[in-house]
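S.K.: The structure is given below, and queries will be raised subsequently.
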Amino acid sequence: MTETAHGAAASSARSWDPVVLWSKPESERAGTPLLVLFHGYMANEEDLMGLTDHLPADFTVAAVRAPRPVGPGFSWFPLAREADYSVQHVVDSVSDVVAWLDSVKEQHSGVSILGFSQGMAVATTLLRHRPTDFTCVVGLSGFAVPAEDHAFFRDDEAARNPTPFFWGRDQEDQVITPEMIEFSHAWLTTHTTLTKILYSNMFHSINLQELTHVREYLTMTVLGRR
């Protein structure tokens, strides 16, 4: 079952009122582990909801729409190659996500996050700002952004409290630049408890083998089952 919510009942203190798709009705969410999905560039909240059938049923899954209309979909912030890109745009977008998460997380037993492509940049930035908030993080075919000494990124704290992190990608992915992969790999290996798996013939996408591994990872890491 999928329910669409516009956050009207949430706290009026936050400035962002996102469109969210939920895998469970509100009456069935209390006490469940929450998994939040962040889509990629020019996609929307529906893009990753198809993953739900491949994930443990114990989770409440929430797919969030990015705030910036672009092309046929939305983006979380401008791409690095765009003239208006800045770390501050990343911080502003993720700050709104933090406020929304704070408004919904209390009814759940824990929060994990999953991001694809640019959505992985959102997930890693969330982790770097709130290093102890998440049970685990899943990053698929994506990257982390250089902090450029912005105080929003608490990387020292993240290094002291490494969070379990699953990173899946294909070395033939032509979308994420080698420089971003190099930075992301260096950050993840020094600031998380990293599980990295490389896939063949997947390119910039998600395949069934990877989804099987993600399901197993969430089952073991969050639910404590094999």
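The values are calculated or read from the model by the stated rules, or taken from the named source; none is laboratory data. This is a predicted model, so every value here is computed, not measured. For neighbour counting, all protein chains shown are included, and Cβ atoms are generated from backbone atoms with ideal geometry for every residue, glycine included. Please note that ligands, DNA and RNA were not included when accessible areas were found on the heavy atoms of the full protein model with its side chains. Shrake-Rupley method; radii C 1.70, N 1.55, O 1.52, S 1.80 Å.
S.K.: Grab the other residues whose beta carbon is less than 10 angstrom from that of residue 89, score K and R as +1, D and E as -1, and report the net.
M.R.: Computed value for this residue: -2.
S.K.: Another question about this same structure. Classify the chain from the C-alpha gyration tensor, please: rounded if a/c falls under 1.5, else prolate or oblate depending on whether a/b exceeds b/c. Don't skip to the end; give the middle numbers.
M.R.: Details: a/c = 1.29, a/b = 1.11, b/c = 1.16.
In terms of gyration-tensor shape, rounded.
S.K.: Something else about it: Would you work out what percent of the accessible area of the stretch 157-226, with all protein chains in place, is carbon or sulfur (probe 1.4 Å)?
M.R.: Numbers: 2060 of 4040 Å².
Roughly 51 percent of what the probe reaches on the stretch 157-226 is carbon or sulfur.
S.K.: Give me the net charge of residue 167's neighbourhood, meaning all other residues with Cβ under 14 Å from the Cβ of residue 167; Lys, Arg count +1, Asp, Glu -1.
M.R.: -2
S.K.: Right, another one. Does anything in the stretch 128-155 have its amide N under 12 Å from the 7 Å Cα→Cβ label point of residue 161, and if so which residues?
M.R.: Within reach of a label on residue 161, which here means backbone N under 12 Å from a point 7 Å along Cα→Cβ, the stretch 128-155 contributes 128-135, 154-155.
S.K.: Please state the charge dipole magnitude for the stretch 19-127, taken about the Cα centre, from unit charges on C-beta atoms (+1 on K and R, -1 on D and E), reported in debye and rounded to the nearest 20.
M.R.: 120 debye
S.K.: Evaluate E = 1/(1 + (r/R0)^6) for residue 30 and residue 179, where r is the Cβ-Cβ distance and R0 equals 45 Å; express this FRET efficiency to the nearest 0.05.
M.R.: Using R0 = 45 Å, I get an efficiency of 0.55.
S.K.: Label the stretch 166-226 by shape, choosing from rounded, prolate and oblate, from the square roots a ≥ b ≥ c of the eigenvalues of the Cα gyration tensor; if a/c is under 1.5 it is rounded, and otherwise prolate applies when a/b is larger than b/c, oblate when it is not.
M.R.: oblate
S.K.: Another question, then. Would you mind classifying the stretch 145-191 by shape? Square roots of the alpha carbon gyration tensor eigenvalues, ordered a ≥ b ≥ c; an a/c under 1.5 is rounded, otherwise it is prolate if a/b is larger than b/c and oblate if not.
M.R.: It comes out oblate by the Cα gyration axes.
S.K.: If the elastic network links every pair of Cα atoms under 10 Å, which of 181, 206, 197 fluctuates the most in the Gaussian network model of the chain?
M.R.: Comparing 181, 206, 197 in a Gaussian network model of the chain, the most mobile one is 197.
S.K.: Then there is this: Just report the Cα centroid separation between the stretch 16-49 and the stretch 73-99, whole Å.
M.R.: 19 Å
S.K.: Give the long-range amide H neighbours of residue 196: residues separated by 5 or more places, or on another chain, with amide H under 5 Å away, using H modelled in the peptide plane at 1.01 Å from N.
M.R.: Placed amide hydrogens put 167 under 5 Å from residue 196.
S.K.: In whole percent, what relative contact order does the chain give with Cα contacts below 8 Å and a gap of six or more residues? Walk me through the intermediate numbers first.
M.R.: Working: 452 pairs, mean separation 38.1, N = 226.
Reported as a whole number, the value is 17 percent.
S.K.: With a 1.4 Å probe and all protein chains left in place, how much accessible area per residue does the stretch 32-169 have, in Å²?
M.R.: Values: 4830 Å² over 138 residues.
Solvent-accessible surface per residue comes out at 35 Å².
S.K.: By the scheme Lys and Arg +1, Asp and Glu -1, what is the net charge of all other residues having a beta-carbon under 12 Å from that of residue 77?
M.R.: Cβ neighbours under 12 Å give a net charge of -3.
S.K.: Okay, moving on. Which stretch or stretches of the stretch 39-64 have amide N atoms under 19 Å from the point lying 7 Å from residue 207's Cα along the Cα→Cβ direction?
M.R.: Answer for the stretch 39-64: 51, 54-55.
S.K.: Just flag the GluC sites (Glu not before Pro) in the stretch 24-115 sitting in loop per DSSP whose Cβ has no more than 13 other Cβ atoms within 10 Å.
M.R.: Sparse-neighbourhood loop GluC sites (Glu not before Pro): 82.
S.K.: Under a crude label model (7 Å from the Cα following the beta-carbon direction), how far is residue 89 from residue 149 in nanometres?
M.R.: If labels sit at residue 89 and residue 149, their model points lie 2.3 nm apart.
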